[in-house]
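Colleague: Sharing a structure with you now.
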Amino acid sequence: MQLKTQWITKDRFAILKNNKVVAAPKVKYFKDRSRFLQTNGNVKTKNVFGMINNISNGCFRGLTGYEKCESPCYNKCYANDSVYALKNRYNGFNICNNGVDNDYFHIYLPENENYKLNTLKYWRIGSESSDSSLALALDIFEPWVKDNPDKFFTGINSDYFFVTAKTLQRLAKYKNVVIGHTISVWFGEDDLENRFLQIERYQKYGVPTVVWFVTKEEWTKNAEISKKQNKLIDRMLSIVSPKQVIEVPYHSKKYHEVAHFRLNPDGVCCETGKCMGCKILCGMKYLRTITKGK
């Protein structure tokens, strides 16, 4: 079930399930935006993609009730290997439920509505350790897009949060944003069903959309899982074009698997190891194509 959001005060918002408040995380504002902006990107995206880490260290997956929701994605979420996570491993850090009964989840916003960016051309909104659908649901995504028409933005959704039609209609008016949605055979049927419905919904409202398709070698070697994965691919390609698919071979800090399907003729994620030189550029190639280079 998708979760909903509601602002309580300027400094706190509520997360609702079945119209019942199940968490009420704090919001912090900073004049020093370096607290949540990586203006030159991270190690992989250095000098290509800047990172706006306005939501981090929590995705609220555990509240959804979807199959496997009590487990981090792929049983080993990237976020659980972060320095911050390892530091707090024995103090209740759990990416699925952070912000429900602890304060590890962070939402940071600039003071004085200072959303202007002056460095890189491409930006990702929402941290790698959260869900961009939360930023969209809270209406803290659009200000960056609106105030920087010369920049290009992306977010990656797990789609745990409901985003209103009004928000999607507004977002569709911009020509500098593309939203990704993650899918893989690992997720439960109910979780995948929601993700596919949201992909269709975002496209219905005209929001440029790509699919982050996570693959893993062991899945292709298992006959039963491989069959399910082929069905998943068929459904995916009935909704989006191959150029909207970003294959993401599973990777950790120790190793990076190779792509298996290569559905997108422009390439796959991490094919070069860094964003520079990557043809897909996190969906930017698709975005520029449909907006005719604008």
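Colleague: Within the range 162-171, is there a residue that is touching a residue at least 60 places away in the same chain (Cβ under 8 Å) and either outside any loop (DSSP other than H, G, I, E, B) or within 22 Å of VAL268 (Cβ to Cβ) (or both)?
Modeller: From the range 162-171, those touching a residue at least 60 places away in the same chain (Cβ under 8 Å) are 162; that's our starting set.
So of that shortlist, the ones also either outside any loop (DSSP other than H, G, I, E, B) or within 22 Å of VAL268 (Cβ to Cβ) (or both) come out as none.
No: zero hits.
Colleague: Evaluate the range 89-98: report whether one residue or more is at pLDDT 90 or above, farther than 24 Å from PHE162 by Cβ and among the aliphatic types (A, V, I, L, M). Step through it out loud before you land on a result.
Modeller: Restricting attention to the range 89-98, the residues satisfying the condition of being at pLDDT 90 or above are 93-98.
Among the residues that remain, those that are also farther than 24 Å from PHE162 by Cβ are: 93.
Restricting the remaining residues to those that are among the aliphatic types (A, V, I, L, M) gives none.
No.
Colleague: Of all residues in the range 98-120, count the ones that are assigned to a loop (DSSP other than H, G, I, E, B) and of a type outside the set (Val, Ile, Thr).
Modeller: Of the range 98-120, the ones assigned to a loop (DSSP other than H, G, I, E, B) are 98-105, 114-120.
Among the residues that remain, those that are also of a type outside the set (Val, Ile, Thr) are: 98-99, 101-105, 114-118, 120.
Residues that pass the stated criteria total 13.
Colleague: If I ask for residues that are surrounded by 20 or more Cβ atoms within 10 Å (Cβ to Cβ) and among the hydrophobic types (A, V, I, L, M, F, W, C), which ones from the range 197-211 would you list? So that I can check it myself, show each step before the final result.
Modeller: Let us first name the residues in the range 197-211 that are surrounded by 20 or more Cβ atoms within 10 Å (Cβ to Cβ), namely 198-199, 202, 207-211.
ILE199, VAL207, VAL210, VAL211, listed by residue number.
Colleague: Residue by residue through the range 40-74, note down the ones that are within 16 Å of the chain's Cα centre (by Cα) and of a type in the set (Phe, Trp, Tyr).
Modeller: PHE49, PHE60, TYR74
Colleague: So ILE183 clears everything in (1) touching a Pro at 6+ places or on another chain (Cβ under 8 Å); (2) under 19 Å from HIS260 (Cα atoms); (3) not hydroxyl-bearing (Ser, Thr, Tyr) except one condition, right? Which one?
Modeller: So the condition that ILE183 fails would be (1).
Colleague: Next up: Report yes if some residue within the range 216-236 is surrounded by 15 or more Cβ atoms within 10 Å (Cβ to Cβ) and in contact with a Pro (Cβ under 9 Å, 6 or more places away or on another chain); otherwise report no.
Modeller: For the range 216-236, residues surrounded by 15 or more Cβ atoms within 10 Å (Cβ to Cβ) and in contact with a Pro (Cβ under 9 Å, 6 or more places away or on another chain): present.
Colleague: Turning to a different aspect of this structure: Can you name the number of the only condition in (1) surrounded by fewer than 20 Cβ atoms within 10 Å (Cβ to Cβ); (2) touching a residue at least 40 places away in the same chain (Cβ under 8 Å); (3) of a type outside the set (Ser, Thr, Tyr) that ASN80 fails?
Modeller: Evaluating ASN80 over (1) surrounded by fewer than 20 Cβ atoms within 10 Å (Cβ to Cβ); (2) touching a residue at least 40 places away in the same chain (Cβ under 8 Å); (3) of a type outside the set (Ser, Thr, Tyr) leaves (2) as the failure.
Colleague: Return the residues of the range 39-66 that are touching a Phe, Trp or Tyr at 6+ places or on another chain (Cβ under 9 Å), under 26 Å from GLY92 (Cβ atoms) and of a type outside the set (Phe, Trp, Tyr); say none if nothing qualifies.
Modeller: If we filter the range 39-66 for residues that are touching a Phe, Trp or Tyr at 6+ places or on another chain (Cβ under 9 Å), which is where we start, we get 41-42, 45, 48-61, 63-64, 66.
Imposing the further condition that a residue be under 26 Å from GLY92 (Cβ atoms) reduces the set to 42, 51, 53-61, 63-64, 66.
Scanning the range 39-66 gives ASN42, MET51, ASN53, ASN54, ILE55, SER56, ASN57, GLY58, CYS59, ARG61, LEU63, THR64.
Colleague: While we're looking at this one, here's another question. Limited to the range 244-294, what total is found for residues that are at pLDDT below 90, of a type in the set (Val, Ile, Thr) and either in a helix (DSSP H, G or I) or closer than 18 Å to LYS46 by Cα (or both)?
Modeller: 1
Colleague: Considering the range 197-227 alone, what residues qualify as being closer than 18 Å to HIS256 by Cβ and either assigned to a loop (DSSP other than H, G, I, E, B) or touching a residue at least 40 places away in the same chain (Cβ under 8 Å) (or both)?
Modeller: Once the filter is applied, which keeps residues that are closer than 18 Å to HIS256 by Cβ and either assigned to a loop (DSSP other than H, G, I, E, B) or touching a residue at least 40 places away in the same chain (Cβ under 8 Å) (or both), the range 197-227 yields TRP212, PHE213, VAL214, THR215, LYS216, GLU217, THR220.
Colleague: Show the residue pairs meeting these rules: Cβ distance below 7 Å; 6+ apart or different chains; first residue within the range 134-154 and closer than 10 Å to LEU171 by Cβ; second residue among the basic types (Lys, Arg) and modelled with pLDDT of 95 or more.
Modeller: Going by the 7 Å Cβ cut-off, the qualifying pairs are GLU142/ARG170.
Colleague: List the number of the failed condition for ASP159; all other conditions in (1) surrounded by fewer than 19 Cβ atoms within 10 Å (Cβ to Cβ); (2) not in a helix (DSSP H, G or I) hold.
Modeller: Just one mismatch for ASP159, condition (1).
Each row is one residue, and each column tells you yes or no for (1) of a type outside the set (D, E, K, R); (2) in contact with a helix residue (DSSP H, G or I) (Cβ under 6 Å, 6 or more places away or on another chain).
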site: THR45; (1), (2): yes, no
site: GLY50; (1), (2): yes, no
site: ILE55; (1), (2): yes, yes
site: CYS59; (1), (2): yes, no
site: CYS69; (1), (2): yes, yes
site: PRO72; (1), (2): yes, yes
site: LYS76; (1), (2): no, no
site: LEU86; (1), (2): yes, no
site: ASN98; (1), (2): yes, no
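Colleague: Name the residues in the range 19-64 that are part of a loop (DSSP other than H, G, I, E, B) and buried (at least 20 other Cβ atoms within 10 Å of the Cβ), would you?
Modeller: At the first step, the residues of the range 19-64 found to be part of a loop (DSSP other than H, G, I, E, B) are 19, 24-25, 27, 31-32, 36, 39-48, 53-54, 57-60, 64.
Those that are part of a loop (DSSP other than H, G, I, E, B) and buried (at least 20 other Cβ atoms within 10 Å of the Cβ): PRO25, PHE36, GLY41, THR45, ASN53, ASN54, ASN57, GLY58, CYS59, PHE60, THR64.
The values are calculated or read from the model by the stated rules, or taken from the named source; none is laboratory data. Predicted model only: the values in this text are computed from it and were never measured. Using ideal geometry, Cβ is built from the backbone for each residue, glycine included, and neighbour counts are taken over all protein chains shown.
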